[in-house]
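Q: Below: one structure in structure tokens.
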Amino acid sequence: MEAEQQASERGQRKTRVGHVVSNQMEKTVVVAVIRRYMHPKYKKYVKERLKYKVHDEANDCGVGDKVLIEETRPMSRHKRWRVKQIIERAPAV
């Protein structure tokens, strides 16, 4: 109940779905988010890849995992996102 009230006071936080491309840092993963949009002039679909540094408190994520990330307060110079949920684990090699 209290968490719901805090969330409504805070407003909606941005979320993105992406794949982990690196987990070599301590409590941090790099997540690539691919966005497709139509070019305004040429009317072709363009793929844009953005990489976010994301806080992973428990060091759960592995390379290739599909994750849901959520916007949060600045945790360091580059980290403004945190892992909310691991949607799909990468197959073990």
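Q: Would you be able to tell me the number of residues in region 40-75 that are small (Gly, Ala, Ser) and either surrounded by 10 or more Cβ atoms within 10 Å (Cβ to Cβ) or touching a Cys at 6+ places or on another chain (Cβ under 7 Å) (or both)?
A: 2
Q: Next question, about the same structure. Looking at Asp56, Asp65, Asp60, which one is modelled with pLDDT under 95 and of a type outside the set (A, V, I, L, M, F, W, C)?
A: Asp60
Q: Just to be sure I understand the filter: pairs with C-beta atoms under 8 Å, separated by 6 or more residues or on different chains, first member in region 1-27 and surrounded by 10 or more Cβ atoms within 10 Å (Cβ to Cβ) and hydroxyl-bearing (Ser, Thr, Tyr), second member assigned to a strand (DSSP E or B) and modelled with pLDDT of 70 or more. Which pairs pass?
A: Qualifying pairs under 8 Å: Thr15/Leu68; Thr15/Ile69; Thr15/Glu70; Thr15/Glu71; Thr15/Lys84; Ser22/Val29; Ser22/Val30.
The values are calculated or read from the model by the stated rules, or taken from the named source; none is laboratory data. What you see is a predicted model, and the numbers here were worked out from it, not measured in a lab. Counting neighbours? That spans all protein chains shown, and the Cβs are built from the backbone with ideal geometry, glycine included.
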